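Note sheet for the following structure.
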Amino acid sequence: MQLYSTGTLADPVLAIFYGKEAVNSLLSMRGNLSQSSSGTLQSFASATEVKTIYKTLAQLLLADGRISEAQQVLALQSEQEMDQFSQRSMLADAAPVPPKPTSIAAPRAGEVTLSKSEGELADLVAKQVEVGQQYDGLRKLQQEQGEDFSAADRTKLNSLQAKMEEYQSKFQAAQSRIAKSSKDPQARQARSQEISSYSTGFQGTLKNLGHNAVIAQYFITNDAVEIILTTPNAVISARSPIKAAKLNQLIRDFRLALSNPAQNPGPLAQQLYAVLIAPISTALDKAGAKTLMLLLHDTLRYVPFAALNSGKVYLIEDMAVVNVNEAALDKLGTPPKADPWTVWGLGVTKAGKDYPALPYAGEELNNIKVALGGKSSIKLDRDFTESKLQQGLGGYYPVIHIASHFEFTPGSIDKSVLLLGDGSLLSLKQIETKLNFTGVELLTLSACETAVGDDALAADGDEVAGLGATAQRKGAMAVIATLWPVADQSTAIFMNTLYRAHQVDHLDKAESLRQAQLALLHGSASNAASTPGDDRRGLGRVAANAPGGTIGVGSHPPYAHPFYWAPFILMGNWL
């Protein structure tokens with residue numbers, strides 16, 4: 001049966017069964033390959049065919065109204081992608097034994113759950129395989145012994161053949177029965193309700209969180225974007241017809257327009273809004289959504305959803321936006337620490353051979369220290385060393401804030417590096433293996449492209465969580481990172497606004513981030529300069545061209561262009 005072309009499937013229910021069997025076989029293979037060479041594991045985990053099987057199965061399940069099962073498949077795909085980034089596909093966590101879910105986190109499973117009818121088919125297949133193996137063994141013995149093959153063995157061989165035929169007949173009858181049910185509305189409804197643990201798990205999470213929070217899951221197929229929206233009271237699926245190639249080009253063009261304040265990203269922001277938000281906008285309104293949590297796949301991870309525009313307002317003007325991933329699901333409901341935040345801040349202000357000075361990084365950190373007070377401390381330039389970073393992590397500061405340069409190198413987590421104040425470099429691999437962020441409420445990476453990570457836009461978005469997801473796996477509750485090189489001056493203002501919103505106005509992390517974004521967009525941020533600077537935080541980047549053009553100059557606030565406020569994304573626990 002052809003699994004990959006949903007438009008030609010005559011029997012989608014059976015295709016779902018075979019798809020589940022294929023995914024469970026892949027999960028078993030991951031376990032068997034866990035001790036193999038890294039090259040073998042890399043080839044397995046990154047194979048296009050592997051991702052296609054997951055995606056196609058999820059698409060088939062959505063088409064049959066089985067949303068919860070589709071969510072389970074997407075979760076398993078995400079776990080594989082996280083494994084791939086975490087250890088460059090040395091799938092140490094490959095055995096299909098999931099971590100225990102928390103009381104409100106969405107449940108996880110080590111394999112795709114089969115419905116009752118699918119379990120019946122799988123049982124018959126297993127019996128056929130078992131009997132077939134015994135039959136093949138006896139047939140081989142018969143060929144070896146010839147006339148010496150005993151009468152008892154001959155009788156057993158005939159019995160095994162009869163059993164194979166019996167199981168095959170039962171399998172075909174079950175197939176026929178299931179195929180007929182694919183057109184029965186009542187049977188479709190029963191299937192959609194039979195396995196509902198993922199949907200109910202997400203809904204339980206949302207009801208406990210409050211804050212009018214919702215979860216939107218996205219994934220790309222060849223000809224559409226599939227969307228699953230979960231609210232406290234409903235789960236719906238929506239579909240945006242668009243060719244994957246066209247969507248990816250839109251994303252590339254949008255990011256290019258956002259990277260230069262002289263360009264107007266408005267038309268592209270509206271096109272992507274029509275694809276990604278408009279199909280669920282009515283449901284968002286009905287739910288009164290105030291916090292939109294995003295579970296993203298593929299190149300959608302490169303999209304700053306905050307900058308999507310309805311034609312009237314940016315999405316961030318309607319609601320806070322948070323990225324969540326498998327590293328964060330078990331942290332979503334953890335209440336924040338009651339004590340006021342204090343910060344251990346580290347930054348680079350002086351220029352080096354391959355990077356420009358960041359004069360506002362010092363101002364940024366000093367302002368944050370004043371805003372948070374208490375035992376807050378900052379380390380600048382030569383005082384910013386690996387040992388000082390380790391000292392801060394061991395000092396139980398709720399906030400670790402790093403203002404520096406970061407550069408990713410596609411294909412290498414050893415060459416993707418963070419600049420320390422003494423001129424040394426800390427690689428993404430070193431950060432992953434040497435640092436422990438347990439006890440950190442918020443890790444802010446006020447550098448460039450810290451969320452993009454390895455492979456960047458040349459890949460499928462597997463690495464977009466980058467340094468942020470690594471920190472979450474190592475214990476950080478939440479991470480603020482960036483999707484492109486940020487401007488030095490506006491970032492200092494942005495961060496000062498964000499921390500004051502939390503400390504003074506007692507807003508949660510998501511709303512604090514939103515208020516900082518709105519402050520730059522609307523020009524209400526304190527100390528906003530009349531002429532924006534554009535020195536960017538990126539190794540090898542000496543100051544970029546001065547901004548100008550349709551947004552960010554003239555009658556607009558100096559930092560109204562999304563270039564200044566949209567690259568910042570919050571990942572993880574946003575309370």
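Computed from the coordinates by the stated procedures, all read-outs in this text should not be read as laboratory data. Keep in mind that this is a model prediction, so the values were computed, not measured. Positions of Cβ are generated from backbone atoms using ideal geometry, with glycine treated the same way; all protein chains shown enter the neighbour counts.
With contacts taken as Cα pairs under 8 Å at a separation of at least 6 residues, the stretch 116-188 carries a relative contact order of 45 percent.
The H on the amide N of residue 444, modeled in the peptide plane, is under 5 Å from the matching H of 400, 401, 402, 480, each at least 5 residues off or on a different chain. The residues neighbouring residue 62, those whose beta-carbon lies less than 12 Å from its own, together hold a net charge of 0 under the Lys/Arg +1, Asp/Glu -1 convention.
For the stretch 116-188, the calculated P(r), taken from all Cα-Cα distances in 10 Å bins from zero up to the bin holding the longest distance, is 19, 36, 22, 14, 7, 2 percent. Working note: Karplus 6.51/-1.76/1.60 with θ = phi - 60° gives the stretch 352-358 the couplings x, 4, 10, 8, x, 5, 10 Hz, where Gly and Pro are set to x.
The number of Lys pairs in the stretch 116-188 with C-alpha atoms less than 16 Å apart, excluding pairs fewer than 8 positions apart on the same chain, is 6. Can you tell me the FRET efficiency between residue 249 and residue 154 if r is taken as the Cβ-Cβ distance and R0 is 45 Å, rounded to the nearest 0.05? About 0.10, to the nearest 0.05. Distances between placed amide hydrogens fall under 5 Å for residue 350 paired with 358, all partners being 5 or more residues away or on another chain.
Karplus-derived 3J(HN,Hα) values for the stretch 213-229, using 6.51 cos²θ - 1.76 cosθ + 1.60 with θ = phi - 60°, are 8, 9, 10, 10, 9, 10, 8, 9, 10, 4, 10, 6, 9, 9, 10, 10, 10 Hz; glycine and proline are entered as x.
Give me the lysines in straight-line cross-link reach of residue 369: C-alpha distance below 24 Å, same-chain residues under 8 apart excluded. Hits, sequence-local ones excluded: 337, 350, 379, 388, 509. Under 5 Å from the amide H of residue 321 lie the amide H atoms of 292, each residue being 5 or more positions distant or on a separate chain, with H modelled from the backbone and absent for Pro and chain starts. Rounded to the nearest whole Hz, the Karplus-based 3J(HN,Hα) values (6.51 cos²θ - 1.76 cosθ + 1.60, θ = phi - 60°) of the stretch 161-175 follow the sequence 5, 5, 5, 4, 5, 5, 5, 5, 5, 5, 5, 5, 5, 5, 4, with x at glycine and proline.
Taking a ≥ b ≥ c as the square roots of the eigenvalues of the alpha-carbon gyration tensor, the stretch 210-323 is classed oblate because a/c is 1.5 or more while a/b is no larger than b/c.
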